[in-house]
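Taking it in order: structure first as structure tokens, then the write-up.
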Amino acid sequence: MIESPVITKIPYGGDYNPEQFTEDIWAEDMRLLKLAHIDILTLNVFSWAALQPSEDEYDFDKLDRIMALVKENGFKVCLATSTAAHPAWMAARHPDVLRVEFNGMKRKFGGRHNSCPNSPTYRHYSALLASKLAERYKDYDNIVAWHISNEYGGACYCENCERAFRAWLKKRYGTVENLNKAWNTAFWGHTFYDWDEVVAPNLLSEHFEQDRTMFQGISLDYNKFMSESINECYRLEYDAVHSVTPDIPITTNLMGFYKPLDYRKWAKTMDFVSWDNYPSPDDPYTLTAMKHDAMRGIKDGKPFALMEQTPSVTNWLPYNSLKRPGVMRLWSYQAVAHGADTVMFFQMRRSVGACEKYHGAIIDHAGHENTRIFREAAALGEELEKLGGSFLGARTRSKVALLFDWENWWAVEFSAGPSVELKYVNEVHRYYNALNKLHIPVDIIDTDSSLDGYEVVIAPVLYMIKDGFDSRIRNFVSKGGKFLTTFFSGYVNETDLVFTGGYPAPLRDVLGIWVEEEDALCPGFVNSFVYNGVKYPAKLICDLLHCESAEALCVYESDFYAGMPALTRNRFGSGEAYYAATASDEDFYLSLMSDICKGCGIDALKDAPAELEITLRAKENGSFLFVLNHSDNELSFTLARKGTELLTDTEIKAGQETKVPPKDVMIIRI
């Protein structure tokens with residue numbers, strides 16, 4: 001959430017790049033943007049080369065004119081530091097700034113995110129530019145946020161990074177002996193005797209391909225190191241800006257489930273979380289919802305900023321379908337429904353050249369307001385003005401927590417087996433999808449999050465058990481909580497060393513089982529089980545487990561392990577722990593999640609069709625029910641209490657059947 005005394009409504013706008021156009025267009029842009037009810041502009045995202053023509057020369061004249069123009073026209077500014085793409089002269093004079101790719105290839109100048117995060121040159125000049133921008137524009141009272149760099153990413157495997165990795169390892173493990181033990185380097189004769197013998201894990205050393213490695217501990221640590229290295233670059237700019245403008249909040253735009261960067265740790269260094277939402281046209285809406293909730297979750301449930309989305313079409317997907325009429329509005333409100341306090345786009349005016357010239361924009365190449373997209377954007381902007389600050393800062397209250405951990409994600413997909421089809425995000429989404437369609441609010445949490453206040457905690461594929469987390473789960477269940485985990489859980493510690501003594505080792509007493517084997521089913525092969533009298537498929541992985549104190553709720557029906565448990569429940573203290581030994585279909589997860597939540601007295605927000613997405617945000621001035629129809633059919637629901645629909649100023653009576661047209665939205669104050 002962008003907290004500022006001048007923010008009295010949901011900020012509406014996004015990336016504006018007037019430096020890409022001749023100045024005679026700027027005045028017309030001001031007219032068009034105001035006509036679309038735009039009120040905030042993200043400026044200066046990719047201007048480093050223009051701002052710094054050479055090593056010791058800076059030129060802010062054009063940015064001065066842009067800043068003056070938008071201020072005169074009443075726009076708020078999210079000011080970027082423009083450091084996501086270094087200038088060509090820097091690459092030519094200081095080759096240490098250039099990244100080395102995963103395959104060992106040294107990059108030349110080009111693209112973006114082409115900077116080595118451990119380059120002293122890059123770190124020096126990026127922080128210096130951020131400092132100069134802060135000093136120059138510190139007195140502009142319309143700057144409401146700082147935007148550091150842009151969509152950080154780009155791992156590097158150069159000698160700079162290799163040296164920094166060794167220093168990171170030395171700090172982490174203290175001695176080479178500890179390192180050898182943590183990585184089990186006795187395997188394949190990998191024992192190290194000196195820190196300088198450690199090399200970066202890539203295609204030149206430990207990897208078959210990006211996600212297939214011969215030494216998981218090495219690769220896992222390099223992921224942690226690289227995420228921290230890139231975050232240090234962000235922190236250098238953050239500190240430079242914050243020292244000059246301490247009262248202006250600072251962020252950088254994240255990218256949802258972006259695997260290389262551990263966003264939970266990144267969020268600790270951000271004043272507010274912001275992210276860019278670009279779903280594929282065939283993504284289920286519940287996957288987008290889960291990403292929104294994850295971005296809210298990494299900052300302990302605080303509202304976030306939707307920094308980018310496209311108003312119409314992306315241009316980098318294999319198939320770049322248009323957003324159908326109403327979808328841009330629907331997806332914008334979906335973000336707000338899950339905790340966004342901004343609605344912003346990339347981009348305001350469509351570029352005329354390079355790789356994003358066909359990416360959507362408020363102002364199309366036609367250059368006027370007579371387009372479908374402009375009309376839709378203007379209508380949404382008018383609605384947001386009407387809503388004002390009704391639910392700014394409102395929070396989501398959940399009794400169900402779903403665990404998502406980046407380091408566990410890396411470890412699961414680095415593991416040598418059991419199946420290349422096992423994808424961590426997919427397994428988490430199976431449970432989220434069910435909860436969303438049952439209209440049960442859910443928080444996305446991490447292993448560091450507090451479990452206080454939750455009645456149900458779900459941790460799919462909890463392969464890595466971090467030190468102390470098992471104790472927290474044990475305490476949660478013993479005090480009455482309900483915990484669920486799945487196949488391929490409780491296998492390794494934080495350095496990917498296997499727990500011996502039977503999976504799911506640290507949680508064996510809580511779950512009351514031990515797993516002997518796991519069967520990875522090839523595509524097209526399924527087993528089955530019966531739950532609540534209904535037959536469901538068992539697919540992907542089938543754990544062969546033995547009950548100790550647990551009871552089997554259902555069993556496999558075929559193959560040599562017919563009769564072995566497929567789902568178990570163990571009473572532990574005052575609570576219960578469930579183990580789902582296999583993957584199944586959507587209907588099973590709907591049934592299981594419904595049973596568990598009802599058993600805790602957790603009610604759905606509304607009894608309504610699954611195709612209606614329903615969320616609730618609350619603050620001191622009331623509760624706001626968001627009802628979104630993602631289907632192509634009219635759907636209806638009933639309110640238990642009366643309310644006011646804010647977009648139409650319509651009173652809705654208690655018990656009244658309310659119809660929601662396809663691709664439409666209702667926001668009801670109750």
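The values are calculated or read from the model by the stated rules, or taken from the named source; none is laboratory data. No experiment lies behind these values; they were computed from the predicted model shown. A quick note on method: Cβ atoms are made from the backbone with ideal geometry, for glycine too, and the neighbour counts reach across all protein chains shown. The area values use the complete protein model at the heavy-atom level, side chains included, leaving out ligands, DNA and RNA. Shrake-Rupley method; radii C 1.70, N 1.55, O 1.52, S 1.80 Å.
Each label point was placed 7 Å from the Cα along the Cα-to-Cβ direction; for residue 278 and residue 175 their separation is 4.9 nm.
Here the label points at residue 530 and residue 71, each 7 Å from Cα along the C-beta direction, are separated by 7.5 nm in the simple model. Each Cα pair under 8 Å and six or more residues apart adds its separation to the average, and for region 76-189 the resulting relative contact order is 35 percent.
Each Cα pair under 8 Å and six or more residues apart adds its separation to the average, and for region 585-670 the resulting relative contact order is 27 percent. Each of 408, 440, 450 was placed along the dipole of region 368-454 (beta-carbon charges, centred on the mean Cα), and the one lying farthest toward the positive end is 440. What is the distance in Å between the Cα centroid of region 606-647 and that of region 154-182? Here the two parts' Cα centres lie 51 Å apart.
What does the net charge come to around residue 244 if you take all other residues with beta carbon closer than 13 Å to its beta carbon, with K and R at +1 and D and E at -1? Provide the component values of the computation, followed by the final result.
Values: positive: 132, 136, 138; negative: 135, 139, 237, 239, 247.
That works out to -2.
Label positions at residue 631 and residue 366, each projected 7 Å from the Cα along the C-beta direction, are separated by 3.3 nm. Sequence-ordered 3J(HN,Hα) estimates for region 572-588 from the Karplus curve with 6.51, -1.76 and 1.60 and θ = phi - 60° stand at 9, x, 8, x, 9, 10, 10, 10, 8, 7, 8, 9, 9, 9, 4, 4, 5 Hz, glycine and proline given as x.
Taking loop as defined by DSSP and a crowding limit of 14 other beta carbons within 10 Å, which trypsin sites (Lys or Arg not before Pro) in region 126-206 fit?
Here the sparse-neighbourhood loop sites are 138.
Summarising the amide proton neighbourhood of residue 503: residues at separation of 5 or more, or on other chains, whose placed amide H is nearer than 5 Å comprise 515.
Relative to its Kirkwood radius, the Cα radius of gyration of region 341-396 gives an Rg/Rh of 1.10. Under 5 Å between amide hydrogens, built in the peptide plane, is the criterion, and for residue 98 it picks out 116 among residues at least 5 positions away or on other chains.
For region 231-360, the dipole from Cβ point charges (+1 on Lys and Arg, -1 on Asp and Glu) about the Cα centre works out to 360 debye, to the nearest 20. Shown is the FRET efficiency for residue 574 and residue 657, computed with R0 = 51 Å from the Cβ-Cβ distance and rounded to the nearest 0.05: 0.80.
Dipole size of the chain about its Cα centre, with +1 on Lys/Arg Cβ and -1 on Asp/Glu Cβ: approximately 940 debye, rounded to the nearest 20.
Relative to the Cα centre, the charge distribution of region 177-234, modelled as +1 at Lys and Arg Cβ and -1 at Asp and Glu Cβ, gives a dipole magnitude of about 200 debye. When Rg and the Kirkwood Rh are both derived from Cα coordinates, the Rg/Rh ratio for region 583-670 amounts to 1.01. Within region 344-377, the trypsin sites (Lys or Arg not before Pro) that combine a DSSP coil assignment with at most 13 other C-beta atoms in a 10 angstrom radius are 357. Between the listed residues 50, 174, 633, the Cα displaced farthest toward the positive end of the dipole of the chain, a dipole computed from Cβ unit charges relative to the Cα centre, is found at 633.
What number in nm² do you get for region 328-372 if you take the convex hull of its Cα atoms and divide its surface by four?
On the way: hull surface 15.3 nm².
It is 3.8 nm².
Taking amide hydrogens as placed 1.01 Å from N in the peptide plane, the amide H of residue 545 sits under 5 Å from those of 516, each at least 5 positions away in sequence or on another chain. Each residue of region 508-519 was assigned a 3J(HN,Hα) from its phi angle through the Karplus curve 6.51 cos²θ - 1.76 cosθ + 1.60 (θ = phi - 60°); the sequence is 4, 6, 5, 8, x, 9, 9, 9, 8, 8, 10, 9 Hz, with glycine and proline shown as x.
Which whole-number percent gives the relative contact order of region 293-446, counting Cα pairs below 8 Å spaced six or more residues apart? Can you show the working numbers first?
On the way: 191 pairs, mean separation 41.6, N = 154.
Relative CO of region 293-446 lands at 27 percent.
After finding the eigenvalues of the alpha carbon gyration tensor for region 1-66, what semi-axes result from the square roots of 5 times each, listed largest first in whole Å? Present the calculation step by step, with values, prior to reporting the outcome.
Working: eigenvalues 135, 58, 15 Å².
Semi-axes from the Cα gyration tensor: 26, 17, 9 Å.
Since only 387, 374, 286 are under comparison, the one whose Cα sits farthest along the positive direction of the charge dipole of region 281-401, derived from C-beta charges on Lys, Arg, Asp and Glu, is 286. Pairwise alpha-carbon distances in region 30-132 exceed 20 Å for 47% of all pairs.
The mean accessible area for residues of the chain, using a 1.4 Å probe and ignoring ligands and nucleic acids, is 39 Å² per residue. Here the Karplus curve 6.51 cos²θ - 1.76 cosθ + 1.60, taken at θ = phi - 60°, turns the phi angles of region 62-74 into couplings of 5, 5, 4, 5, 5, 4, 5, 5, 5, 5, 4, 8, x Hz, with x standing for Gly and Pro. Reported to the nearest whole Å, the Cα centre-to-centre distance from region 436-507 to region 327-381 is 40.
Å³ per residue of the Cα convex hull, for region 253-407?
Working: hull volume 20.1 nm³, N = 155.
Per residue, the Cα convex hull of region 253-407 comes to 130 Å³.
The figure for residue 8 is an accessible area of roughly 100 square angstrom, using a 1.4 Å probe on the protein chains alone. Here the accessible area is traced with a 1.4 Å probe on the protein chains. For the chain, carbon and sulfur cover 50 percent of it.
Kindly state, as a whole number, the per residue volume in cubic angstrom of the convex hull around the alpha carbon atoms of region 326-480. Could the numbers behind the result be given before it?
Values: hull volume 27.2 nm³, N = 155.
Expressed per residue, the convex hull around the Cα atoms of region 326-480 is 175 Å³.
What the Cα convex hull of region 95-227 gives, in volume per residue, is 137 Å³.
Assuming 0.36 nm per residue, please report the length gained on full extension of the stretch residue 320 to residue 195 beyond their Cα-Cα distance.
Values: separation 125, 0.36 × 125 = 45.00 nm, distance 4.80 nm.
Taking residue 320 through residue 195 to full extension adds about 40.2 nm, to one decimal.
When exposed loop sites are taken as chymotrypsin sites (Phe, Trp or Tyr not before Pro) in a DSSP loop with at most 10 other Cβ atoms within 10 Å, the longest stretch of the chain clear of them is 320-559.
So for region 503-631, considering every pair of alpha-carbon atoms, how many percent are separated by more than 23 Å? Mind dumping the intermediate values first?
Details: 3772 of 8256 pairs.
The share of Cα pairs beyond 23 Å in region 503-631 comes to 46 percent.
The convex hull of the Cα atoms of region 158-206, projected and averaged over all directions, covers 3.4 nm². Taking the helices alone, the chain has a mean residue ellipticity at 222 nm of -9000 deg cm²/dmol, built from -39,500 (n - 2.57) per DSSP H run of at least 4 residues and averaged over all its residues. Separation of region 225-255 and region 118-135 by C-alpha centroid, Å? The two parts, judged by their Cα centres, are 11 Å apart.
For the chain, taking Cα atoms only, Rg and Dmax work out to 26.1, 77 Å respectively.
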